[in-house]
Amino acid sequence: MQNFIVTGGTRLCGELELQGSKNSALPIMAACVLVSGKCLLKSCPRLTDVYSAARILNCLGCKCSLSGGCAEIDSTGVYGSEIPEELMREMRSSIMFMGAILGRTGECTFSIPGGCELGPRPIDMHLAALSKMGAEITDTGGRICCRMPKGRSKGARLSLSFPSVGATENIILCAVTAEGETVINNAAREPEICDMCRFLRSCGAKIKGDGESCIVIEGVEKLHGCEYRIMPDRIAGATYLAMTAAAGGELILKNACVPETEPFTTVLEQTGCGIYTAENRIYLRRGGRLKAVKDRIRTMPHPGFPTDAQAVLMAVLVTADGTSVFEENIFDCRYRHTDALIKMGADIQVMGKAAVIRGVPRLHGADVEATDLRGGAAMAVAALAAEGTTRIGSISHIDRGYERFEEAITSLGGKIRRE
C-alpha cells in the first residue's frame, strides 16, 4: 500500500491549471454507451475511477482508450448489458451506467456498487423512476435486472422526493432515446449534470431546463458521436484553494469554473482570505491568522454548499480563530475524517449531523489513514499546515479524484512525496 509523506510548515505559492471534472467525466463516459459512433472527450482526468469506467465500457463492447488527457470511445459495437460485480465494486458511481445501458439495449443487469463508504446511497429512487418509464425490475440475491419489455423506454412525468444527482443523471440517460417526453421535477441542479446535458445535446439529444429544478427531455431515435471538452473540476479547485488557505501563501487557479465554485469561495472568503476572480481564474491570498466562519455551514444540493467540499474546508477551519459549525445534510457518514484531524491536534466534536470546530493555534504531524476520497484530501490539507511530518495511508482513495496530486502540490512549493 502506498502512502503520502507530507512535511508541513511551508507556504504555498504558484499557479495551477485545473484538471477536468471527475463528476462530469464519469456520467459523460456512461452517456457514450448511447451513441452510435465515436466520441472524443478532451480534458478527461487521469484517475482510477476513470480507468474503472473505461473497463466497464470495454466490457459492454465499446472500444475505449485513454491517452494524453483524452478518452476515445467508439460505442458502435455495444453488445453487452451486464456489468460484472467486480467492476461495480470499484466505484459507487458505476450505478449511472444503468440508465445508459437500458436506453441502448433495453435491459441491464448489475449489483449494488462499491466505492467510498459514506453510508447508504439507496437506489430506490433510480429504480422507481425507471419503473415508471416502463422497466420491469427483479432483484435476485443482490443482482438487479432491469428490462424494457417493449425494447425502448417510454417518456414519463417524474417527481423526485430529493434532488438526487445520481437519479437525475440516470433518468436523463434513459430518457434521451425514449419514446415521447420525460419531465423531471425537483431535479438536481449540479453543474456536472449541465455538463452531461451539453455533451448529450452535442450528440443530438433534446434536453431543456438543466440547471433548473424542472428538466424536459424529448426522446430521439439515436445519438451521434462528437468531440467534447469536459468542464474543470470545481471540487479539486476547492481543495487546492483550501490547501493554500490552510498553509498560507498565494494561488492562481487557471481553467477554473468561477461561478460554479462560488458556493465554496464565498464561505472561504469569510476566513479572511483575499479571493479575486477574473474570467476563468481564481486568485487566493492568505496573510494573517484565519478567522472562524460565523454562520453554520450547511451542506445542501447545488447551489448550496457542496458536501464534497465539507472535509477540505473543515481542515482549514481547525486552526482558525474562533468556533465554526458544520451541518452535514447529504451523507450519513461524512465526518469519518475527523478522527485523523483530532489525532493531528484539532478540537472537533461531532454530534449527529453537526460538527463543532474550535480553532487551535497549530496542528502536528501524525500517522493517519484516508477514509474516503474527500476525507483523504482533507488530511493532506491539514498536513500541509501542520508542524512536522504526516504519513497518510490508503491513498488509493485520493487517487480516485485527484490527478497527479503530489505533483500539483510540489509545484506550489509543498513538501509531499509518494512511497
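Please treat every number below as a calculation from the coordinates, not as lab data. Here the structure is a predicted model, which is why all the values come from computation and not from measurement. Cβ: placed from backbone, ideal geometry, glycine included. Neighbour counts: every protein chain shown.
Once R0 is set to 22 Å, what does the formula 1/(1 + (r/R0)^6) return for the Cβ-Cβ distance between Y79 and R46, expressed as a FRET efficiency to the nearest 0.05? E(calc), rounded to 0.05, equals 0.20.
Spin-label pair S67-Q349: with each label point 7 Å from Cα along the Cα-Cβ axis, the two points sit 5.9 nm from one another.
Of all lysines in the structure, those lying under 17 Å Cα to Cα from K222, and not within fewer than 8 positions of it along the same chain, are K38, K150, K154, K206. One decimal place: the segment R143-R281 gains 45.1 nm when fully extended, by the rule 0.36 nm per residue minus the C-alpha distance. Per-residue 3J(HN,Hα) values for the range 82-87, derived from phi via the Karplus relation 6.51 cos²θ - 1.76 cosθ + 1.60 with θ = phi - 60°, read 10, 9, x, 4, 5, 6 Hz in sequence order (x marks Gly and Pro). Here the dipole of the chain is about 320 debye; that uses its Cα centre as origin and unit charges on the Cβ of Lys and Arg (positive) and Asp and Glu (negative). In summary, the aspartates and glutamates within cross-link reach of K42, defined as a Cα separation below 14 angstrom excluding same-chain residues under 8 places away, comprise E72, D195, E227, D233.
Each Cα pair under 8 Å and six or more residues apart adds its sequence gap; the mean of these over the residue count of the range 22-229 is a relative contact order of 21 percent. Fully extending the segment from K415 to C13, taken as 0.36 nm per residue of separation minus the present Cα-Cα distance, adds 143.5 nm. For the chain, DSSP calls about 70 percent of its internal beta bridges antiparallel.
Relative to the dominant Cα principal axis of the chain, helix 191-202 is inclined by about 40°. Cα axis of helix 22-31 to longest principal axis of the chain: angle in degrees, 0 to 90, nearest 10? It is inclined by approximately 10 degrees. The Cα trace of the range 22-229 gives Rg and Dmax of 15.2, 42 Å, the first to one decimal, the second as a whole number.
Restricting attention to the range 22-229, close to 75% of DSSP beta bridges with both partner residues there are antiparallel. Straight-line reach from K294: taking Cα to Cα under 26 Å and skipping same-chain neighbours fewer than 8 places apart, the lysines in range are K343, K353. Against the chain, whose longest principal axis comes from its Cα atoms, helix 48-60 is set at around 10 degrees.
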